[in-house]
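Colleague: Handing you a structure now.
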Amino acid sequence: MKVIVLGAGIVGVTSAYQLAKAGHEVTVVDRQPGPALETSFANAGEVSFGYCSPWAAPGIPMKAMKWLFMKHAPLILRPKLDMAMLSWMARMLSNCTSERYAINKSRMLRLADYSRIALADLRAETGIAYDERMQGTLQLFRTQQQLEASAKDVKALAADGIPYEVLDRDGCIRFEPALKHVRDKIVGGLLTPKDETGDCFKFTNALAAKAEALGVRFAYGTTIKALDVEAGRVRGVITDRERMSADAVVVALGSYSPLLLAPLGIRLPVYPVKGYSLTIPITDASRAPESTVMDETYKIAITRLGDRIRVGGMAEISGYTNDLGLARRSTLEYSVTDLFPGGDISKASFWSGLRPMTPDGTPVIGPTKVAGLFLNTGHGTLGWTMSTGSARLIGDLVGGGQPEIDVTDLAIGRYG
(Lines give C-alpha, C1' and ligand atoms only; values in the text may rest on other atoms or scores of the structure.)
Protein backbone atom coordinates (compact mmCIF):
# COMPACT_ATOMS: atom_id res chain seq x y z
CA MET A 1 0.00 0.00 0.00
CA LYS A 2 0.90 3.66 -0.23
CA VAL A 3 1.26 4.85 3.38
CA ILE A 4 1.91 8.35 4.71
CA VAL A 5 3.39 8.71 8.20
CA LEU A 6 2.88 12.11 9.78
CA GLY A 7 5.77 13.02 12.08
CA ALA A 8 9.51 12.32 11.93
CA GLY A 9 10.17 11.89 15.63
CA ILE A 10 11.18 8.55 17.13
CA VAL A 11 7.64 7.14 16.87
CA GLY A 12 7.13 8.25 13.26
CA VAL A 13 10.53 7.07 12.02
CA THR A 14 10.29 3.64 13.66
CA SER A 15 6.78 3.28 12.20
CA ALA A 16 8.02 4.22 8.73
CA TYR A 17 10.91 1.76 8.92
CA GLN A 18 8.61 -1.06 10.00
CA LEU A 19 6.07 -0.30 7.27
CA ALA A 20 8.79 -0.15 4.62
CA LYS A 21 10.14 -3.51 5.78
CA ALA A 22 6.65 -4.92 5.27
CA GLY A 23 6.80 -3.83 1.63
CA HIS A 24 4.70 -0.66 1.69
CA GLU A 25 5.52 2.54 -0.21
CA VAL A 26 6.09 5.01 2.62
CA THR A 27 6.35 8.79 2.82
CA VAL A 28 7.12 10.64 6.06
CA VAL A 29 5.97 14.26 6.39
CA ASP A 30 7.36 16.69 8.97
CA ARG A 31 7.56 20.48 9.30
CA GLN A 32 11.14 20.33 10.59
CA PRO A 33 14.21 20.17 8.31
CA GLY A 34 15.22 16.74 9.63
CA PRO A 35 14.25 13.89 11.96
CA ALA A 36 13.94 14.06 15.76
CA LEU A 37 14.11 17.85 16.08
CA GLU A 38 11.26 18.29 18.55
CA THR A 39 10.36 16.05 21.53
CA SER A 40 12.83 13.33 20.46
CA PHE A 41 15.77 15.74 20.31
CA ALA A 42 17.15 15.85 23.88
CA ASN A 43 14.92 13.68 26.04
CA ALA A 44 16.13 12.03 29.23
CA GLY A 45 17.80 9.15 27.37
CA GLU A 46 16.06 6.43 29.40
CA VAL A 47 14.78 3.30 27.70
CA SER A 48 12.66 2.26 30.65
CA PHE A 49 11.18 -1.16 30.06
CA GLY A 50 10.77 -1.78 33.79
CA TYR A 51 10.70 1.74 35.17
CA CYS A 52 7.51 2.89 33.45
CA SER A 53 4.58 4.14 35.46
CA PRO A 54 1.54 6.34 34.84
CA TRP A 55 1.79 9.87 36.17
CA ALA A 56 -1.79 9.35 37.35
CA ALA A 57 -1.25 7.42 40.59
CA PRO A 58 -2.80 7.14 44.04
CA GLY A 59 -1.72 10.07 46.17
CA ILE A 60 -0.79 12.30 43.24
CA PRO A 61 -3.54 14.88 43.91
CA MET A 62 -2.21 15.46 47.45
CA LYS A 63 1.42 15.41 46.25
CA ALA A 64 0.56 17.89 43.52
CA MET A 65 -0.78 20.35 46.10
CA LYS A 66 2.50 20.07 48.02
CA TRP A 67 4.61 20.36 44.87
CA LEU A 68 2.98 23.67 43.97
CA PHE A 69 4.77 25.23 46.94
CA MET A 70 8.17 23.55 46.45
CA LYS A 71 11.12 25.50 45.08
CA HIS A 72 12.28 22.51 43.03
CA ALA A 73 8.90 21.05 42.11
CA PRO A 74 8.56 18.06 39.76
CA LEU A 75 5.13 19.37 38.65
CA ILE A 76 4.41 22.91 37.48
CA LEU A 77 0.85 23.95 36.66
CA ARG A 78 0.06 27.11 34.73
CA PRO A 79 -3.75 26.98 34.47
CA LYS A 80 -5.55 28.85 31.70
CA LEU A 81 -9.00 28.99 30.17
CA ASP A 82 -8.33 26.04 27.90
CA MET A 83 -11.06 23.41 27.75
CA ALA A 84 -8.64 20.81 26.39
CA MET A 85 -6.35 21.34 29.39
CA LEU A 86 -9.18 21.28 31.92
CA SER A 87 -10.77 18.17 30.39
CA TRP A 88 -7.41 16.37 30.29
CA MET A 89 -6.68 17.23 33.93
CA ALA A 90 -10.11 16.01 35.04
CA ARG A 91 -9.58 12.71 33.22
CA MET A 92 -6.12 12.34 34.68
CA LEU A 93 -7.44 12.86 38.22
CA SER A 94 -10.07 10.17 37.60
CA ASN A 95 -7.19 7.74 36.91
CA CYS A 96 -5.51 8.44 40.27
CA THR A 97 -6.99 5.36 41.96
CA SER A 98 -5.31 2.11 42.93
CA GLU A 99 -7.51 0.15 40.54
CA ARG A 100 -6.87 2.40 37.54
CA TYR A 101 -3.15 2.64 38.35
CA ALA A 102 -2.80 -1.16 38.31
CA ILE A 103 -4.63 -1.45 34.98
CA ASN A 104 -2.72 1.37 33.32
CA LYS A 105 0.69 0.24 34.59
CA SER A 106 0.04 -3.31 33.40
CA ARG A 107 -0.74 -1.98 29.90
CA MET A 108 2.42 0.09 29.90
CA LEU A 109 4.60 -2.79 31.07
CA ARG A 110 3.14 -5.09 28.40
CA LEU A 111 3.98 -2.66 25.61
CA ALA A 112 7.36 -1.72 27.11
CA ASP A 113 8.46 -5.35 27.41
CA TYR A 114 7.36 -5.97 23.82
CA SER A 115 9.43 -2.94 22.81
CA ARG A 116 12.44 -4.35 24.66
CA ILE A 117 12.38 -7.35 22.36
CA ALA A 118 11.71 -5.21 19.28
CA LEU A 119 14.60 -2.85 20.04
CA ALA A 120 17.03 -5.73 20.56
CA ASP A 121 15.96 -7.22 17.22
CA LEU A 122 16.28 -3.88 15.46
CA ARG A 123 19.70 -3.23 16.94
CA ALA A 124 20.93 -6.65 15.81
CA GLU A 125 19.41 -6.14 12.37
CA THR A 126 20.78 -2.66 11.69
CA GLY A 127 23.90 -2.34 13.83
CA ILE A 128 22.90 1.20 14.79
CA ALA A 129 25.10 2.83 17.45
CA TYR A 130 23.56 5.53 19.67
CA ASP A 131 25.62 5.70 22.89
CA GLU A 132 23.62 2.71 24.09
CA ARG A 133 24.10 0.96 27.43
CA MET A 134 22.20 -2.02 28.89
CA GLN A 135 22.86 -1.55 32.59
CA GLY A 136 19.43 -0.84 34.08
CA THR A 137 17.64 1.99 35.87
CA LEU A 138 18.03 2.79 39.56
CA GLN A 139 15.03 4.54 41.07
CA LEU A 140 16.69 6.32 43.97
CA PHE A 141 14.88 6.98 47.25
CA ARG A 142 15.98 9.73 49.60
CA THR A 143 13.42 8.85 52.31
CA GLN A 144 12.12 5.72 53.98
CA GLN A 145 8.60 6.75 52.99
CA GLN A 146 9.55 6.68 49.29
CA LEU A 147 11.11 3.25 49.71
CA GLU A 148 7.98 1.88 51.37
CA ALA A 149 5.70 3.50 48.76
CA SER A 150 7.55 1.60 46.01
CA ALA A 151 5.74 -1.56 47.13
CA LYS A 152 2.92 -0.92 44.63
CA ASP A 153 5.44 -0.79 41.77
CA VAL A 154 7.19 -3.93 43.01
CA LYS A 155 3.82 -5.69 43.03
CA ALA A 156 3.09 -4.64 39.44
CA LEU A 157 6.57 -5.66 38.24
CA ALA A 158 6.23 -9.06 39.89
CA ALA A 159 2.76 -9.60 38.43
CA ASP A 160 4.04 -8.94 34.90
CA GLY A 161 7.25 -10.95 35.31
CA ILE A 162 9.54 -7.92 34.97
CA PRO A 163 12.91 -8.42 36.75
CA TYR A 164 13.60 -6.06 39.65
CA GLU A 165 15.67 -5.78 42.81
CA VAL A 166 15.06 -3.71 45.93
CA LEU A 167 18.38 -2.30 47.14
CA ASP A 168 19.58 -0.82 50.41
CA ARG A 169 22.02 2.10 50.52
CA ASP A 170 25.08 -0.12 49.99
CA GLY A 171 23.37 -1.92 47.13
CA CYS A 172 22.72 1.40 45.39
CA ILE A 173 26.38 2.32 45.71
CA ARG A 174 27.48 -1.04 44.32
CA PHE A 175 25.30 -0.39 41.29
CA GLU A 176 26.31 3.28 40.94
CA PRO A 177 29.74 3.74 42.60
CA ALA A 178 29.70 7.54 42.24
CA LEU A 179 26.90 7.66 44.82
CA LYS A 180 29.46 6.87 47.52
CA HIS A 181 30.12 10.61 47.71
CA VAL A 182 26.53 11.24 48.86
CA ARG A 183 25.69 8.01 50.71
CA ASP A 184 24.01 9.87 53.59
CA LYS A 185 21.45 11.39 51.21
CA ILE A 186 19.96 8.06 50.11
CA VAL A 187 18.14 5.22 51.88
CA GLY A 188 17.68 2.71 49.06
CA GLY A 189 16.45 2.11 45.56
CA LEU A 190 14.51 -0.04 43.11
CA LEU A 191 16.63 -1.50 40.31
CA THR A 192 15.11 -2.61 37.00
CA PRO A 193 18.13 -4.34 35.41
CA LYS A 194 16.68 -4.84 31.91
CA ASP A 195 16.35 -1.10 31.31
CA GLU A 196 18.67 0.60 28.82
CA THR A 197 19.92 4.06 27.92
CA GLY A 198 20.74 5.77 24.66
CA ASP A 199 20.64 8.95 22.62
CA CYS A 200 17.22 9.10 20.97
CA PHE A 201 18.30 11.78 18.50
CA LYS A 202 21.26 9.70 17.27
CA PHE A 203 19.11 6.58 17.01
CA THR A 204 16.29 8.29 15.11
CA ASN A 205 18.64 9.88 12.59
CA ALA A 206 20.49 6.61 11.99
CA LEU A 207 17.21 4.71 11.54
CA ALA A 208 15.88 7.39 9.18
CA ALA A 209 18.92 6.77 6.98
CA LYS A 210 18.19 3.02 7.06
CA ALA A 211 14.56 3.74 6.16
CA GLU A 212 15.63 5.87 3.19
CA ALA A 213 17.75 2.95 2.00
CA LEU A 214 14.56 0.87 2.03
CA GLY A 215 12.85 3.46 -0.18
CA VAL A 216 11.11 5.66 2.38
CA ARG A 217 10.69 9.24 1.16
CA PHE A 218 11.06 12.01 3.75
CA ALA A 219 9.22 15.26 3.00
CA TYR A 220 10.90 17.62 5.46
CA GLY A 221 10.06 21.30 5.81
CA THR A 222 6.46 20.50 4.91
CA THR A 223 3.51 21.79 6.93
CA ILE A 224 0.51 19.50 7.26
CA LYS A 225 -2.71 21.44 6.70
CA ALA A 226 -5.42 18.75 6.89
CA LEU A 227 -6.31 15.15 6.33
CA ASP A 228 -8.08 14.45 3.04
CA VAL A 229 -11.14 12.33 3.88
CA GLU A 230 -13.91 11.30 1.50
CA ALA A 231 -16.90 9.03 2.20
CA GLY A 232 -15.51 7.93 5.55
CA ARG A 233 -12.10 6.93 4.21
CA VAL A 234 -8.78 8.76 4.29
CA ARG A 235 -7.55 9.60 0.81
CA GLY A 236 -4.37 11.41 1.67
CA VAL A 237 -2.90 14.53 3.25
CA ILE A 238 -3.08 18.19 2.27
CA THR A 239 0.15 20.11 2.90
CA ASP A 240 1.42 23.61 2.17
CA ARG A 241 3.22 22.17 -0.87
CA GLU A 242 0.93 19.56 -2.38
CA ARG A 243 -1.86 17.09 -1.89
CA MET A 244 -0.44 13.65 -1.20
CA SER A 245 -2.58 10.60 -1.91
CA ALA A 246 -2.44 7.47 0.23
CA ASP A 247 -4.19 4.21 1.02
CA ALA A 248 -3.42 4.65 4.72
CA VAL A 249 -2.20 7.45 6.99
CA VAL A 250 -0.46 7.03 10.36
CA VAL A 251 -0.67 10.03 12.69
CA ALA A 252 2.47 10.19 14.84
CA LEU A 253 2.48 13.92 15.58
CA GLY A 254 2.79 13.70 19.35
CA SER A 255 1.12 16.61 21.13
CA TYR A 256 -0.12 18.06 17.85
CA SER A 257 -2.12 14.96 16.89
CA PRO A 258 -5.41 16.14 18.48
CA LEU A 259 -5.31 19.43 16.56
CA LEU A 260 -5.19 17.60 13.22
CA LEU A 261 -7.90 15.10 14.19
CA ALA A 262 -10.43 17.47 15.75
CA PRO A 263 -11.99 18.64 12.42
CA LEU A 264 -12.87 14.97 11.75
CA GLY A 265 -14.75 14.70 15.04
CA ILE A 266 -12.03 12.50 16.56
CA ARG A 267 -11.51 13.61 20.17
CA LEU A 268 -8.07 12.43 21.16
CA PRO A 269 -7.31 13.21 24.83
CA VAL A 270 -3.63 13.97 24.35
CA TYR A 271 -2.22 17.14 25.89
CA PRO A 272 1.33 18.57 25.92
CA VAL A 273 3.23 18.23 29.19
CA LYS A 274 6.52 20.04 28.89
CA GLY A 275 9.74 18.46 30.06
CA TYR A 276 13.22 19.95 30.36
CA SER A 277 16.75 18.64 30.05
CA LEU A 278 20.39 19.58 30.48
CA THR A 279 23.22 17.94 28.55
CA ILE A 280 26.51 18.18 30.43
CA PRO A 281 29.97 17.06 29.28
CA ILE A 282 31.62 14.58 31.68
CA THR A 283 34.79 15.99 33.22
CA ASP A 284 35.34 13.26 35.85
CA ALA A 285 33.98 9.80 35.00
CA SER A 286 34.37 8.62 38.62
CA ARG A 287 31.72 11.14 39.65
CA ALA A 288 29.26 10.35 36.85
CA PRO A 289 26.48 7.75 36.73
CA GLU A 290 27.09 4.48 34.89
CA SER A 291 23.50 4.19 33.66
CA THR A 292 20.29 6.00 34.70
CA VAL A 293 19.55 7.21 38.22
CA MET A 294 15.98 8.38 38.73
CA ASP A 295 15.84 10.93 41.56
CA GLU A 296 12.42 10.05 42.97
CA THR A 297 12.12 13.23 45.04
CA TYR A 298 12.30 15.53 42.03
CA LYS A 299 11.26 13.04 39.31
CA ILE A 300 14.48 13.75 37.43
CA ALA A 301 16.49 11.20 35.45
CA ILE A 302 20.29 11.47 35.35
CA THR A 303 21.61 9.38 32.47
CA ARG A 304 25.03 8.52 31.06
CA LEU A 305 25.19 9.04 27.27
CA GLY A 306 28.74 8.35 26.14
CA ASP A 307 30.89 11.28 27.27
CA ARG A 308 27.85 13.30 28.38
CA ILE A 309 25.27 13.30 31.14
CA ARG A 310 21.64 13.97 30.24
CA VAL A 311 19.53 15.36 33.08
CA GLY A 312 15.83 15.32 32.23
CA GLY A 313 12.49 15.58 33.88
CA MET A 314 9.71 17.66 35.40
CA ALA A 315 6.18 18.04 34.13
CA GLU A 316 4.92 21.50 33.26
CA ILE A 317 1.30 21.81 32.21
CA SER A 318 1.21 25.12 30.37
CA GLY A 319 -0.15 24.41 26.89
CA TYR A 320 1.73 24.59 23.61
CA THR A 321 4.62 26.74 24.82
CA ASN A 322 8.28 25.88 24.48
CA ASP A 323 9.90 28.70 26.41
CA LEU A 324 12.89 27.89 28.63
CA GLY A 325 12.23 28.91 32.23
CA LEU A 326 15.40 29.55 34.23
CA ALA A 327 13.71 28.21 37.38
CA ARG A 328 13.37 24.84 35.66
CA ARG A 329 17.07 24.85 34.81
CA SER A 330 17.80 25.52 38.47
CA THR A 331 15.88 22.38 39.48
CA LEU A 332 17.78 20.19 37.04
CA GLU A 333 21.09 21.65 38.20
CA TYR A 334 20.16 21.12 41.84
CA SER A 335 19.30 17.43 41.39
CA VAL A 336 22.40 16.49 39.41
CA THR A 337 24.87 18.45 41.56
CA ASP A 338 23.29 17.17 44.77
CA LEU A 339 23.71 13.51 43.76
CA PHE A 340 26.76 13.78 41.50
CA PRO A 341 28.79 16.77 42.70
CA GLY A 342 31.90 17.87 40.87
CA GLY A 343 30.65 18.27 37.29
CA ASP A 344 30.92 21.44 35.24
CA ILE A 345 27.34 22.58 34.69
CA SER A 346 28.50 25.88 33.21
CA LYS A 347 28.98 24.01 29.91
CA ALA A 348 25.48 22.48 29.93
CA SER A 349 23.00 22.98 27.10
CA PHE A 350 19.38 23.59 28.13
CA TRP A 351 16.35 22.28 26.21
CA SER A 352 12.61 21.72 26.50
CA GLY A 353 10.13 19.52 24.66
CA LEU A 354 6.40 18.83 24.67
CA ARG A 355 5.53 15.30 25.74
CA PRO A 356 2.21 13.99 24.33
CA MET A 357 0.44 12.73 27.45
CA THR A 358 -2.79 10.77 27.74
CA PRO A 359 -4.82 10.94 30.97
CA ASP A 360 -4.04 7.29 31.78
CA GLY A 361 -0.40 7.34 30.66
CA THR A 362 -0.88 4.73 27.93
CA PRO A 363 -0.34 5.62 24.25
CA VAL A 364 -3.09 5.44 21.65
CA ILE A 365 -2.25 2.89 18.98
CA GLY A 366 -4.65 1.58 16.35
CA PRO A 367 -7.37 2.43 13.84
CA THR A 368 -9.92 5.24 14.03
CA LYS A 369 -13.52 5.59 12.84
CA VAL A 370 -12.08 6.85 9.53
CA ALA A 371 -11.08 3.89 7.37
CA GLY A 372 -7.37 3.80 6.65
CA LEU A 373 -6.51 6.33 9.37
CA PHE A 374 -4.33 5.01 12.21
CA LEU A 375 -2.91 6.55 15.38
CA ASN A 376 0.48 6.00 16.99
CA THR A 377 0.73 8.80 19.52
CA GLY A 378 0.31 9.81 23.16
CA HIS A 379 3.41 8.07 24.50
CA GLY A 380 4.12 10.78 27.07
CA THR A 381 7.53 10.35 28.69
CA LEU A 382 7.98 6.91 27.13
CA GLY A 383 8.10 7.51 23.39
CA TRP A 384 11.74 6.38 23.22
CA THR A 385 10.99 3.34 25.38
CA MET A 386 7.86 2.20 23.50
CA SER A 387 8.67 3.30 19.97
CA THR A 388 9.95 0.04 18.49
CA GLY A 389 7.12 -2.06 19.89
CA SER A 390 4.53 0.52 18.87
CA ALA A 391 5.97 0.51 15.34
CA ARG A 392 5.64 -3.26 15.09
CA LEU A 393 2.02 -3.03 16.17
CA ILE A 394 1.27 -0.32 13.60
CA GLY A 395 2.97 -2.36 10.92
CA ASP A 396 0.68 -5.29 11.71
CA LEU A 397 -2.48 -3.20 12.01
CA VAL A 398 -1.98 -1.21 8.80
CA GLY A 399 -1.19 -4.38 6.89
CA GLY A 400 -4.21 -6.21 8.28
CA GLY A 401 -2.13 -8.69 10.25
CA GLN A 402 -2.56 -10.01 13.78
CA PRO A 403 -0.42 -8.15 16.37
CA GLU A 404 1.74 -10.30 18.63
CA ILE A 405 0.35 -8.72 21.82
CA ASP A 406 -3.11 -7.55 22.83
CA VAL A 407 -3.84 -4.08 21.45
CA THR A 408 -7.55 -3.79 22.17
CA ASP A 409 -6.99 -1.62 25.25
CA LEU A 410 -4.49 0.63 23.46
CA ALA A 411 -6.95 1.91 20.88
CA ILE A 412 -8.80 5.21 21.04
CA GLY A 413 -12.01 3.29 21.74
CA ARG A 414 -11.05 3.01 25.42
CA TYR A 415 -12.06 6.66 25.78
CA GLY A 416 -15.60 5.99 24.60
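The values are calculated or read from the model by the stated rules, or taken from the named source; none is laboratory data. Every value quoted in this text rests on a predicted model; they were computed, and no experiment measured them. Ideal geometry is used to build each Cβ from the backbone, glycine not excepted, and the neighbour counts take in all protein chains shown. These accessible areas exclude ligands, DNA and RNA; they are computed on the full protein's heavy atoms, side chains included. Shrake-Rupley method; radii C 1.70, N 1.55, O 1.52, S 1.80 Å.
Colleague: Please report, in Å, the Rg and the Dmax of the stretch 301-416, where both are computed over Cα atoms only.
Modeller: Cα only, the stretch 301-416: 18.5, 56 Å (Rg, Dmax).
Colleague: With unit charges on the beta carbon (Lys/Arg positive, Asp/Glu negative), name the residue among 213, 350, 231 whose Cα is farthest towards the positive pole of the charge dipole of the chain.
Modeller: Comparing the listed Cα positions along the dipole, 231 ranks first.
Colleague: If I ignore ligands, DNA and RNA and count only protein heavy atoms, how much of residue 326 is accessible to a 1.4 Å probe, in Å² to the nearest 10?
Modeller: 140 Å²
Colleague: Same structure again: What's the extension gain from residue 87 to residue 99 if we count 0.36 nm per residue and subtract their Cα-Cα distance? Can you show the working numbers first?
Modeller: Details: separation 12, 0.36 × 12 = 4.32 nm, distance 2.09 nm.
Full extension of this stretch gives 2.2 nm more.
Colleague: Still on this model: Can you give the extra length, in nm with one decimal, that the chain gains between residue 338 and residue 408 once fully stretched, where that is 0.36 nm per residue apart less the Cα-Cα distance?
Modeller: That works out to 20.8 nm of additional length.
Colleague: Moving on. Which entries of 66/180; 185/299; 225/369; 66/299; 63/152; 63/274 have Cα-Cα distances beyond 22 Å here?
Modeller: Details: 66/180 30 Å; 185/299 16 Å; 225/369 20 Å; 66/299 14 Å; 63/152 16 Å; 63/274 19 Å.
Going by Cα-Cα distance, 66/180 fall outside the 22 Å limit.
Colleague: Just the C-alpha atoms of the stretch 59-116: what Rg/Rh do they give, with Rh taken as the Kirkwood radius?
Modeller: Rounded to two decimals, Rg over Rh is 1.07.
Colleague: Looking at the chain only, what percent of DSSP beta bridges run antiparallel? Nearest 5 please.
Modeller: Values: 51 of 74 bridges.
Roughly 70 percent of the DSSP beta bridges within the chain come out antiparallel.
Colleague: Further, regarding this structure: State in Å² the accessible area per residue of the chain; use a 1.4 Å probe, count heavy atoms of protein chains only, and round to the nearest integer.
Modeller: On the way: 16300 Å² over 416 residues.
Heavy-atom SASA per residue in the chain reads 39 Å².
Colleague: Subtracting the Cα-Cα distance from 0.36 nm times the residue separation, let me have the gained length for residue 242 to residue 22 in nm, one decimal.
Modeller: Details: separation 220, 0.36 × 220 = 79.20 nm, distance 2.63 nm.
So the chain would gain 76.6 nm between residue 242 and residue 22.
Colleague: Just to confirm my numbers, what's the Cα centroid distance between the stretch 227-251 and the stretch 1-59 in Å?
Modeller: 20 Å
Colleague: Give the whole-number value, in cubic angstrom per residue, of the convex hull volume spanned by the C-alpha atoms of the stretch 1-114.
Modeller: On the way: hull volume 20.2 nm³, N = 114.
Hull volume over Cα atoms, normalised by residue count, gives 177 Å³.
Colleague: Could you tell me how far the Cα centroid of the stretch 271-338 sits from the Cα centroid of the stretch 190-215, in Å?
Modeller: Taking the Cα centre of each part, the stretch 190-215 and the stretch 271-338 sit 20 Å apart.
Colleague: I need the phi-derived Karplus couplings for the stretch 97-106: 6.51 cos²θ - 1.76 cosθ + 1.60, θ = phi - 60°, integer Hz, Gly and Pro marked x.
Modeller: Rounded to whole hertz, the list is 10, 4, 5, 5, 4, 4, 5, 5, 5, 4.
Colleague: If you roll a 1.4 Å probe over the stretch 336-416 with all protein chains in place, what percent of the accessible area is carbon or sulfur?
Modeller: Carbon and sulfur: 51 percent of the exposed surface of the stretch 336-416.
Colleague: With r as the distance between the Cβ atoms of residue 285 and residue 129 and R0 = 25 Å, compute the FRET efficiency 1/(1 + (r/R0)^6) and round to 0.05.
Modeller: Details: r = 19 Å, r/R0 = 0.78.
That gives a FRET efficiency of 0.80.
Colleague: Taking θ = phi - 60°, what integer Hz values does the Karplus form 6.51 cos²θ - 1.76 cosθ + 1.60 yield along the stretch 244-256, in sequence order, with x for Gly and Pro?
Modeller: 10, 8, 7, 8, 8, 10, 10, 8, 10, 9, x, 5, 8
Colleague: Using just the alpha carbons, could you tell me how many Å³ per residue the convex hull of the stretch 240-318 encloses? Intermediate results must be reported in sequence, preceding the final value.
Modeller: Values: hull volume 15.0 nm³, N = 79.
Here the figure is 189 Å³ per residue.
Colleague: Quick one: plug the Kirkwood hydrodynamic radius of the stretch 8-75 (C-alpha pairs) into Stokes-Einstein at 10 °C, 1.306 mPa s, and report D in µm²/s. Can you show the working numbers first?
Modeller: Numbers: Rh = 15.6 Å.
Translational D for this selection: 102 µm²/s.
Colleague: What accessible area, in Å² to the nearest ten, does a 1.4 Å probe give for residue 181?
Modeller: 80 Å²
Colleague: Dipole magnitude of the chain about its Cα centre, charges +1 at Lys/Arg Cβ and -1 at Asp/Glu Cβ only, in debye to the nearest 20? Don't jump to the answer; show the numbers that get you there.
Modeller: On the way: 47 positive and 43 negative charges, 169 e Å.
Roughly 820 debye for the chain.
Colleague: Now, a different point. What would the Debye formula give as log10 I(q)/I(0) at q = 0.12, 0.20 Å⁻¹ for the alpha-carbon point model of the stretch 80-223, no solvent?
Modeller: Per q value, in the given order, log10 I(q)/I(0) is -0.78, -1.17.
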